[in-house]
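Beneath this line is the structure, given in structure tokens, with notes to follow.
Each reported figure results from applying straightforward, stated rules to the coordinates on display, with no laboratory input. Computed from a predicted structure; not experimentally measured. Cβ atoms come from the backbone with ideal geometry, glycine included; neighbour counts cover every protein chain shown.
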Amino acid sequence: MSPLPEDRTPLISEDDRDAAVRRLQEAYAEGHITHDELDGRLHQVLTIRTHSELMSALASFPEENAGTTSTIAAAGGRIHRRGVWRVPRSLKVESAFGRVHLDLSRAVIEHVVVDIELQLGAGRARITLPRDATVDVEDLHTGWKDTLYKPHPHPRPGGPRIRVSGTMGFGRLKIRHARR
């Protein structure tokens, strides 16, 4: 019996490949790898096909800009990120009132671990994960409703780990994996 289309390992996009090449170039410029290592890794990154291969090719590097945190803030209204966007190593989302939707399913995730800190007063939040991602919500404190998350029935190794922390007042966080 052949596997169903949704059970195949997802192929990397050109954006993912470009981000990996930039990360290799930065590692070389910072002195983490030699010129010969750069050549070998570039060849590897340019010929691999899946996210798990990409993660293993970049796994030995120190965390890129681990101290850099991006913040998305709004007093009210909506915070919405979707499509192709670059996810920072650490993302802080602040909203007093309103809805938050972070769609990571098509985002460029260059890090093995991504930390998302939610500081939400009232309103709902939703995070859509890539199919191969794992999630950790142990450090998230909810004041009113519990977090809704159903792990993917067929997890794939090699995807990013998303750690969600912070505080939610009056609202609910729903986390789901992308369907495709």
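Numbers below:
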{"item": "Simple spin-label estimate for THR34 and SER70 in nanometres, 7 Å along Cα-Cβ", "result": "3.5 nm"}
{"item": "For HIS177, residues with placed amide H under 5 Å, excluding near neighbours", "result": "LEU129"}
{"item": "Spatial separation of Cα centroids for region 18-39 and region 136-180, in angstrom", "result": "33 Å"}
{"item": "Amide H contacts under 5 Å for VAL100, placed H, 5+ residues apart", "result": "ILE79, ARG124, ALA125, ARG126"}
{"item": "Farthest positive-ward along the chain dipole, Cα basis, beta-carbon charges - from LEU129, ILE12, ILE109", "result": "LEU129"}
{"item": "Efficiency of FRET from Cβ geometry, GLU138 and PHE170, R₀ 30 Å, rounded to 0.05", "result": "0.90"}
{"item": "For the chain, calculated [θ]222 nm from helices alone, where every DSSP H run of n ≥ 4 adds -39500 (n - 2.57)", "result": "-6500 deg cm²/dmol"}
{"item": "Calculated Cα extents along the principal axes in Å (choose from (i) 54, 48, 26; (ii) 49, 39, 29; (iii) 42, 41, 32), label", "result": "(i)"}
{"item": "Highest-fluctuation residue, GLY123, GLY98, GLY77 considered, GNM on the chain with Cα pairs under 10 Å", "result": "GLY77"}
{"item": "Most fluctuating residue given options ALA20, ALA107, ALA74, as computed from a GNM of the chain linking Cα atoms under 10 Å", "result": "ALA74"}
{"item": "Karplus (6.51, -1.76, 1.60) ³J(HN,Hα), θ = phi - 60°, over region 130-140, in Hz, Gly and Pro reported as x", "result": "x, 4, 9, 7, 10, 10, 10, 10, 4, 9, 9"}
{"item": "Cβ-based charge dipole, the chain, positive-most Cα from GLY171, SER90, LEU120", "result": "GLY171"}
{"item": "Extension reserve of the GLN44-ARG179 stretch, reckoned as 0.36 nm per residue once the Cα distance is removed", "result": "45.7 nm"}
{"item": "Amide proton proximity set for ARG106, modelled H, under 5 Å, gap of 5+", "result": "GLY83"}
{"item": "Dipole magnitude of the chain, debye to nearest 20 (Cβ charges: Lys/Arg +1, Asp/Glu -1, about Cα centre)", "result": "1220 debye"}
